[in-house]
Amino acid sequence: MSTFHGYVHVPFCKVRCGYCDFNTYTATELQGYPQTAFIANLQVEIELAKQSEGKRELQTVFFGGGTPTLLPANELAEALELLRKNFGIAGEAEVTTEANPDTVDEAYLRVLKEAGFNRLSFGMQSAVPEVLATLERTHNPAAVATNVAIAKRLGFQTSVDLIYGAPGETMEQWQESVRVALAMETDHISAYALIVEPATKLARQIASGEKPQPDEDLQADKYEWLDSELAKAGFEWYELSNWARGAAATSKHNIAYWQGRDWWGFGPGAHSHVAGRRWSNVKHPTTYAKMLADLQIPSTDGEILSSVEIQEERAMLELRLREGLSLEVVKGLNENHAQSISELVASKLIEGKDALQGRAVLTLQGRLLADFVLRKLLGL
Ligand SMILES: C[S@@+](CC[C@H](N)C(=O)[O-])C[C@H]1O[C@@H](n2cnc3c(N)ncnc32)[C@H](O)[C@@H]1O
Ligand code: SF4
């Protein structure tokens with residue numbers, strides 16, 4: 001049986017960043033849903049999940065958003081306690097929350113530490129005020145280093161999220177952000193290429209010519225520069241967008257997700273995947289609350305994955321990892337696998353020596369073209 005993992009989605013933000021299409025709501029978008037009702041709703045959801053799934057110990061827990069740290073610290077502590085009481089949390093479990101830099105302070109982080117949180121992922125994005133302004137991030141950039149230092153002193157593992165490729169961001173500005181991030185000496189760094197999601201304010205600004213389109217070649221150069229700087233600083237890539245100082249510093253929760261383990265997502269819009277079944281919760285907090293008031297699990301029907309879908313999903317997720325994808329999976333999905341694999345090795349998109357040992361492991365060039373490599377491996 002797979003290991004079991006918990007995700008809690010906290011769908012609140014003070015303001016919406018122009019590039020973000022996550023399931024999150026500002027006060028005016030909540031349509032009367034009181035944020036103060038969230039923990040009571042979550043309690044009902046956790047108890048219903050326990051009745052359906054039975055008591056399965058959680059190996060990792062991750063609070064994401066939205067902005068989990070918009071909730072008072074004692075409410076996050078309470079949410080964790082509800083999971084502990086209903087499912088149990090393994091002794092060594094990694095327990096993370098995402099944190100927007102200007103929403104926490106020492107007193108707040110102390111409450112989280114005492115409650116059992118042991119890892120913080122700060123949404124830094126950039127150190128450069130002009131880039132933060134383009135992204136419509138409202139935090140004071142200095143708050144990241146202050147809170148990372150406090151978090152380290154309190155004994156948390158720490159990570160920062162960066163975004164590269166904001167419209168108009170220069171190579172020098174990106175390098176400045178990376179240097180500032182490295183100076184904080186976190187255990188882990190995530191870096192995401194900015195995706196221009198349709199129906200966001202940023203997409204409209206780009207369409208109207210108010211902001212320039214991100215430059216894909218420059219994005220690739222930024223990734224390569226980042227990877228080499230992080231390697232010099234002792235970080236190793238273990239997933240396309242994630243680097244850690246050694247295996248102990250990797251995100252066990254995200255690895256479980258990429259390895260296709262069982263996880264239950266709580267909160268509006270959260271996704272779940274348990275024993276080959278996949279479903280997601282209703283998105284708006286008012287609909288979520290209404291279903292819970294009727295003691296219904298607040299989800300859509302979901303789908304049972306076919307064995308081909310399971311293998312394709314496995315290929316998509318595992319190819320992103322440093323360990324790579326077993327070529328047995330490729331053989332099962334692609335009649336012309338031998339040719340696809342040899343072409344990818346010849347074009348230096350997957351490592352030849354790993355291919356000989358039965359795994360597709362992306363080269364640096366392959367990491368930049370991961371979607372193409374996946375399609376080729378699947379024979380699409
Ligand atoms: C959805 S946020 C939630 C955590 C927190 N609110 C924050 O902003 O840091 C998680 C991560 O997704 C990133 N993200 C959101 N939209 C993105 C996009 N369009 N392209 C790339 N990264 C994005 C955020 O910048 C952040 O680092
Ligand atoms: S990026 Fe984070 S802070 Fe910004 S709107 Fe999305 S979830 Fe909220």
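Binning the C-alpha pair distances of the range 263-380 at 10 Å intervals from 0 yields a P(r) profile of 14, 35, 20, 18, 10, 2 %, listed from the shortest bin outward. Between Val308, His337, Ala370, the Cα set farthest toward the positive side of the dipole of the range 307-377 (charges on each charged residue's Cβ, about the Cα centre) is that of Ala370.
Net charge of the neighbourhood of Thr146, taken over other residues with C-beta under 12 Å away and scored Lys/Arg +1, Asp/Glu -1, is -1. Electrostatic bookkeeping for Phe22 treats Lys and Arg as +1 and Asp and Glu as -1; over the other residues with beta carbon under 13 Å from its beta carbon, the sum is -3. For Val10, nonlocal amide neighbours, meaning residues 5 or more places apart or on other chains whose placed amide H falls under 5 Å from its own, are Gly64, Gly65. The range 253-270 and the range 319-380 have Cα centres lying 25 Å from one another. Couplings 3J(HN,Hα) of the range 157-168, computed from phi: 6, 10, 9, 10, 9, 10, 10, 10, x, 4, x, x Hz, in residue order, whole Hz [Karplus 6.51 cos²θ - 1.76 cosθ + 1.60, θ = phi - 60°; x for Gly and Pro].
In this structure, the amide hydrogen of Tyr192, modeled 1.01 Å from its nitrogen in the peptide plane, lies closer than 5 angstrom to those of Leu162, Ile163, Tyr164, counting only residues at least 5 positions away or on a different chain.
Each of Leu240, Ser177, Leu42 was scored by the projection of its Cα onto the charge dipole of the range 4-258, and the greatest displacement toward the positive side belongs to Leu42; charges sit on the C-beta of Lys, Arg, Asp and Glu. Whole-percent P(r), the range 60-199, all Cα pairs, 10 Å bins from 0: 12, 42, 30, 14, 2. Put simply, when 3-15, 273-285 are sorted by average Cβ atoms within 10 angstrom per residue, most first, you get 3-15, 273-285. Derived scalar couplings between HN and Hα for the range 234-249 equal x, 8, 10, 6, 10, 8, 2, 10, 9, 10, 9, 7, x, 4, 5, 9 Hz in order, rounded to whole Hz, by the Karplus curve 6.51 cos²θ - 1.76 cosθ + 1.60 (θ = phi - 60°), x for Gly and Pro. For the listed peptides 224-233, 358-367, a ranking on the average number of other beta carbons within 10 Å per residue, highest first, reads 358-367, 224-233.
In plain terms, the chain from Leu30 to Glu78 could stretch by 15.0 nm, reckoned as 0.36 nm per residue minus the Cα-Cα distance. Of all aspartates and glutamates in the structure, the ones whose alpha carbon falls short of 19 Å from that of Lys348, not counting any fewer than 8 places away in one chain, are Asp217, Asp221, Glu224, Asp227, Glu239, Glu318, Glu323, Asp371. If you bin all the Cα-Cα distances of the chain at 20 Å, starting from zero, the percentages per bin are 26, 59, 14. Fully extending the segment from Gln51 to Trp225, taken as 0.36 nm per residue of separation minus the present Cα-Cα distance, adds 57.7 nm. With 18 Å as the limit, the listed pairs Lys55/Lys85; Lys14/Lys152; Lys14/Lys201; Lys252/Lys283; Lys222/Lys353 have Lys14/Lys152; Lys252/Lys283; Lys222/Lys353 beyond it between alpha carbons. Annotation: amide H-H contacts under 5 Å for Ile89 (H modelled 1.01 Å from N, sequence separation of 5 or more, or interchain): Leu58.
Reducing the range 97-130 and the range 200-243 to their Cα centroids gives an inter-centroid distance of 23 Å. Summing charges over neighbours of Glu176, with a neighbour being any other residue whose Cβ is under 14 Å away from its Cβ, gives -2 when K and R count +1 and D and E count -1. Taking θ as phi - 60° and the Karplus parameters 6.51, -1.76 and 1.60, the scalar couplings of the range 24-32 work out to 8, 9, 7, 3, 6, 7, 6, 6, x Hz in sequence order, x denoting glycine and proline. Ranked by the mean number of other Cβ atoms within 10 Å per residue, highest first, peptides 173-185, 104-116 order as 173-185, 104-116. FRET efficiency for the Asn118 to Asn140 pair, using the beta carbon distance and R₀ = 25 Å, is estimated at 0.45.
Each DSSP beta bridge with both residues in the chain is either parallel or antiparallel, and the antiparallel ones are about 35%.
Just so you know, all these numbers are worked out from the coordinates, no wet-lab data involved. For clarity, every value in this text was computed on a predicted model and none was experimentally measured. Here Cβ is always computed from backbone atoms with ideal geometry, including for glycine, and neighbour counts include all displayed protein chains.
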